[in-house]
Amino acid sequence: MTSRIPHFYNMTIEERRQKISDAAALPPPELGAWTQGGLSAESADPMIENVVGLHSLPLGIALNFQVNGRDILIPMTLEEPSVVAGASFMAKLARAGGGFHATTTDPLMIGQMQVINVVNLNEAKLKIYEKKAELLAEADSIDPILKKFGGGARDLEVRIFDNSPIGGFLVVHLIYDVRDAMGANAVNTACERLAPKIEAITGGKVHLRILSNLADRRIARARCTIPVKELAFESVGQISNLPNGQIGNLSYTGEQVRDGIIAAYAFAAVDPYRAATHNKGIMNGVDSVVIATGNDWRAIEAGAHAYAARSGRYTSLSTWGKDNEGNLVGTLEMPMAVGIVGGATKVHPAAQAAVKLMGVKTANELAEIIVSVGLAQNMAALRALATEGIQRGHMSLHARQVAIAAGANGELIEKVAAQMVAERIVRIDRAEEIMKSLESGK
């Protein structure tokens, strides 16, 4: 497979489909779910309650990605313009430095059991540890299929909370290897099974028994190095020292772009107000692949933001700096609880097509791809902010949506969008005015 497909943006939808089919060596029927909407109302009915229909989102392909030496075409599902293009372009720059290098930890999830009404918390804690081997063996026996593939109970931890609004209680953590599953069902089932035994040991009551979405034992990491010369570019825009906002060439050296990205990261590192938007840019990339593969994007979001605040202060999930040769170096580390078995990933045809396109064989491999996309999208946002501003590229794509909302169709869409971008006024009322002017021939 190659993830380099020149002029992909300028192709028709049918041409893009054929190119993807050829590049991935997958016949068109394998990717047919994307052209047929993915689901029928009948197949959606058992997935959630009170089904009345379907809701579609655009699905695009991010190009140029090389993760751990392998070229990958990456499906991304979202409604926000500039994300797919931004990630693809940053992946192209990253190729010059060897692409993305990603790793994951073992797929360990945490199940929590809240034990209330305990007379002596310290005594109960030690009693649980005394029975640790017995409890782990019980949890290990619940899912023989998972155990067959190398998963199962790994550890048990006991924490004391003695200053809660209801007084003191224990929290027992079951550390569970879920292999290629997201793991919620397996972990919740194990906690339910252990609850009566823990009550018998402690004399208390096991109240909540639930998976934690702060999956800080299941971490994905990615890094990339961008040669500084690859960062230099020229763009057309308004130059402040020219009279009357004249248009000219904006030129940026690689060092300027590199230092601008590092300075923008530094802002997010120290200020939670900036960090929230900075991390949202990361999640633009992460969530779109998570959604395309039928995984739980809400769980990923919750875990990511909790992890960003683990020091007691909310901060950036990524880091940006330079190496000894002056090249830009980026890293991203975050929880990544995704699966390729069970849930919507196995029942949604479009999700199955996404997994097949990327050629992933394990959940860890999927996590490595997703964290690499997050890092690429983060770099795209920082590069835009540090140079010509986020609005220029974003609004040029958004302008087409505004033109369509104003009623433009066919060739009129591009004409209306182009004029709004040139004027730097991207609003529906202006789109309507331009449309009327073009239609009247003025």
request  = Evaluate the charge dipole of the range 1-50 about its Cα centre and quote only its size in Debye, nearest 20, assuming +1 on the Cβ of each Lys and Arg and -1 on the Cβ of each Asp and Glu.
outcome  = 400 debye
query = Taking springs between alpha-carbon atoms closer than 10 angstrom, which of Asn364, Asn120, Asn213 fluctuates most in the Gaussian network model of the chain?
reply = Asn120
task = Could you work out how far the C-alpha centroid of the range 340-387 sits from that of the range 297-333, in angstrom?
result = 17 Å
query = Based on DSSP H runs of at least 4 residues, each adding -39500 (n - 2.57), what is the mean residue ellipticity at 222 nm of the chain after dividing by all its residues, to the nearest 500 deg cm²/dmol?
reply = -14500 deg cm²/dmol
request  = Run the quick spin-label model on Arg298 and Val52: label points 7 Å from Cα toward the beta carbon, then report their separation in nm to one decimal.
outcome  = 1.9 nm
request  = Once every Cα of the range 108-211 carries one equal point scatterer and solvent is ignored, give the base-10 log of I(q)/I(0) from the Debye formula at q = 0.10, 0.16, 0.21, 0.23 Å⁻¹, two decimals.
outcome  = -0.25, -0.62, -1.00, -1.16
task = State, to one decimal in nm, how far the label point of Asn117 lies from the label point of Glu79, with both points 7 Å from Cα in the Cβ direction.
result = 4.7 nm
inquiry  = Please check: in the Gaussian network model of the chain (C-alpha springs, under 10 Å), which one of Val228, Val360, Val416 has the largest mean-square fluctuation.
reply    = Val416
inquiry  = Could you work out the relative contact order of the chain? I mean the mean sequence separation of Cα pairs under 8 Å and 6+ apart, divided by the number of residues, in percent.
reply    = 18 percent
note = Stokes-Einstein, Kirkwood over Cα pairs, the range 300-442, 20 °C, 1.002 mPa s; D in µm²/s equals 112 µm²/s
message = Suppose every Lys and Arg Cβ carries +1 and every Asp and Glu Cβ carries -1, with no other charges. What dipole size does the chain come out with about its Cα centre, to the nearest 20 debye?
response = 500 debye
query = What is the gain in length, in nm to one decimal, between Lys205 and Ala25 on full extension, counting 0.36 nm per residue of separation less the C-alpha to C-alpha distance?
reply = 59.2 nm
note = HN-Hα couplings for the range 17-31 via Karplus (6.51, -1.76, 1.60; θ = phi - 60°), in whole Hz with x for Gly/Pro, come out as 4, 5, 4, 5, 4, 5, 5, 8, 6, 10, x, x, x, 5, 9
note = Nearest-0.05 FRET efficiency for Tyr9 and Ala418 at R0 = 22 Å, using Cβ-Cβ distance, is 0.90
ask   = Under 25 Å from the Cα of Lys436, which lysines turn up, not counting those fewer than eight places away in the same chain?
value = Lys415
remark   = So the compactness index of the range 85-157, its C-alpha Rg divided by 2.2 N^0.38 Å, takes the value 1.91
request  = Return the Cα extents of the range 394-439 along principal axes one, two and three, sorted largest first, each rounded to a whole Å.
outcome  = 26, 17, 14
message = Sorted from largest to smallest, which semi-axis lengths in Å does the alpha carbon gyration tensor of the range 1-150 give for its equivalent ellipsoid, taking the root of 5 times each eigenvalue?
response = 45, 24, 16
task = For Lys361, list the lysines whose Cα falls under 25 Å from its own Cα; do not include residues on the same chain fewer than 8 positions away.
result = Lys19, Lys92, Lys147, Lys148, Lys346
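Rule-of-thumb check for the range 1-63: C-alpha Rg over 2.2 N^0.38 Å?
Compactness ratio reported: 1.40.
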ask   = Top mean-square fluctuation among Arg70, Arg179, Arg258, Gaussian network model of the chain, C-alpha springs under 10 Å?
value = Arg70
note = For the range 121-128, Karplus-derived ³J(HN,Hα) couplings (6.51, -1.76, 1.60; θ = phi - 60°; whole Hz; x for glycine and proline) come out as 5, 5, 5, 5, 4, 5, 4, 5
remark   = Sorted largest first, the C-alpha extents of the chain along its principal axes in whole angstrom are 83, 51, 43
Karplus (6.51, -1.76, 1.60) ³J(HN,Hα), θ = phi - 60°, over the range 350-356, in Hz, Gly and Pro reported as x = 5, 5, 4, 5, 5, 5, 5
task = Would you pull out the residues with amide H under 5 Å of Phe65's amide H, same chain only if 5 or more places away, H placed 1.01 Å from N?
result = Ile72
ask   = How big is the Kirkwood radius of the range 153-241, worked out from every pair of different alpha carbons and given in Å to one decimal?
value = 17.5 Å
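No value in this document is a laboratory result; all are computed from the given coordinates. On a predicted model such as this, the values are computed, not experimentally measured, just so you know. Every residue, glycine as well, gets a Cβ built from its backbone with ideal geometry; the counts of neighbours run over all protein chains shown.
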